[in-house]
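Here is the structure we will look at.
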Amino acid sequence: MYGGTDRGIKGTIDWTLILIYLVLVFIGWLNVYASIHSPDMGNALSFGLRSGKQFVWIMTAFALALVILFVINPKLWEVLATPGYLIVLVLLVAVIFVGSTHKGSHSWFSIGPVSFQPAEISKITTSLLLAVMMSRQNFSLRTWRGLRTVALIIGIPMLVILAENETGSALVYTGMLFVLYREGLPGLVLVLLGLCIVFFILTLKTSILVSLIVLAVIGILALWFFLRNTRPLSRERRSSLWLLALSVLGFAGLVFSTDFVFNHVLQDHQRLRIEVLLGLKDDPMGVGYNVRQSMIAIGSGGLFGKGFLNGTQNTGGFVPEQSTDFIFCTVGEEWGFVGCLVVLVLYGLLITRIIRDAERARESFTRIYGYCVAACFFMHLFINVGMTIGIMPVIGIPLPFLSYGGSSLWAFTVLLFIFIALNKQEKKYF
């Protein structure tokens, strides 16, 4: 129960988080205008331009933030978690059949001039339901029941979003593994998942034989280390030995199935993007064109950039989707390395501040939701920036608060301010 004296707005709201949010939104709006600027265009507030439309989205996002902070009771989010999750899940399925296609992704609802993606809202509802279920008394990730519960909550929307050809949004859900690790998921699970990625890439880059040799060496070393440090063998240690054996067999199965998955499960454009990223194929005028132009734009900015509205690669139309998925290119070209560093530091402060507040939370619901928020922001940042500098495949995913788009800005604003409101409620009477 809460106790103590009401500390008021000044002492309960994390104003640092709000300030970082406002700065990122302002930087985003400036760069949306810069990415589309030309001498014959109107001013940045013209509704005929993306910058003008984005300004309207920003104002409505601020209104949403105020409602979440000062009107809605934070306790209501726990009540709405389950029905909200189910409603959004229905929308995710419905958009496959009645939605519209945008940039190759069949994941949009279009109502007149307004379009939105249920996948953006799904990150919020999945985070809320995950926090509700994992904060229940006697919940444990070390039981099959607990693992099954979180796997269904995360896996169902992730698979449906994949069916919409929204690979980027689906990948964001893998960040929830860090949330599960914080709440007690054995670190071995993360290691095994990491090795799955390593063996998949190794098999593509080399051959099945090389991967099996590497697997055999790792298996022998792990067995030697295990036997050297576990004498005599207890029942628990014997179970671990069986797990090691099953893991090796599982990795062997993964190695043999890599070719089938790559050639028969992945779509053509997904295969091509992975091949270009891994250096298996050169496609400078196709899939590789986006990354090449993106890197040219960022590199041309140098240390301090060309100056606001002086970018040529972006405004010249050389960089595709320069106001949405590739907005970071505009930052790099016009503000240079220093500008990119400032943006990355702001994101770093945002994520670490959320984690700090989550760790200080007295209620497990607030802590778990906070980690979900931090994981979503981190995955979007890592994938989007990684895509623009050529270390990740090109997949459509916005940069939080910077990329053009109303549904994206609204979703990230709601995601963040629900946490700020929960954190405010906890501090109110302590």
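Observations on the model:
- Violating pairs (Cα-Cα greater than 30 angstrom) within the set LYS10/LYS306; LYS53/LYS75; LYS53/LYS123; LYS53/LYS306: LYS10/LYS306; LYS53/LYS75
- Neighbour-limited loop hits for trypsin sites (Lys or Arg not before Pro), segment 41-98 (at most 16 other Cβ within 10 Å; DSSP other than H, G, I, E, B): LYS75
- Multiplying the residue separation of VAL90 and VAL56 by 0.36 nm and removing their Cα-Cα distance gives an extension gain of 9.4 nm.
- Hydrophobic, long helices, defined as DSSP H runs whose alpha-carbon span along the helix axis is 15 Å or greater and whose mean Kyte-Doolittle value is at least 1.0, occur in the chain at 15-36, 50-70, 76-98, 118-134, 144-163, 187-205, 208-228, 327-360, 364-388.
- Shape class of the chain from the alpha-carbon gyration tensor: oblate, with a/c at 1.5 or above and b/c at least as large as a/b.
- The chain - percent of accessible surface contributed by carbon and sulfur, probe 1.4 Å: 69 percent
- Two-site label geometry, ILE111 and PHE26: point separation in nm, points 7 Å out along Cα→Cβ: 3.3 nm
- In segment 326-430, a dipole from Cβ-located charges (positive for Lys and Arg, negative for Asp and Glu) runs towards its positive end, and of LEU422, PHE328, VAL345 it is LEU422 whose Cα lies farthest in that direction.
- Cα centre as origin, Lys/Arg/Asp/Glu Cβ charges: the chain dipole, Debye: 1540 debye
- Shape call, segment 136-180: gyration tensor on alpha carbons, a/c limit 1.5: prolate
- Pairs of Cα atoms nearer than 8 Å and 6+ residues apart set the relative contact order; for segment 352-430 it is 29 percent.
- Treating r as the C-beta distance of ALA216 and TYR289 and R0 as 25 Å, the FRET efficiency rounds to 0.05.
- Neighbour cut-off at most 15 other Cβ (10 Å), DSSP loop, trypsin sites (Lys or Arg not before Pro), segment 318-411: ARG362
- Cα shape, segment 334-430, gyration tensor, a/c 1.5 rule: prolate
- Mean accessible surface per residue for the chain, computed with a 1.4 Å probe while every protein chain stays in place, in Å²: 49 Å²
- Based on Cα contacts under 8 Å between residues 6+ apart, segment 114-243 shows a relative contact order of 17 percent.
- The Cα-based radius of gyration of segment 67-209, divided by its Kirkwood radius, gives an Rg/Rh of 1.04.
- Per-residue [θ]222 nm for the chain (sum of -39500 (n - 2.57) over DSSP H runs n ≥ 4, rounded to 500): -23000 deg cm²/dmol
The values are calculated or read from the model by the stated rules, or taken from the named source; none is laboratory data. Everything numeric in this text was worked out from a predicted model, so none of it was measured. Neighbour counts run over all protein chains shown; Cβ positions are idealised from the backbone, glycine included. Just the protein is used for accessible areas: all its heavy atoms, side chains included, with ligands, DNA and RNA removed. Shrake-Rupley method; radii C 1.70, N 1.55, O 1.52, S 1.80 Å.
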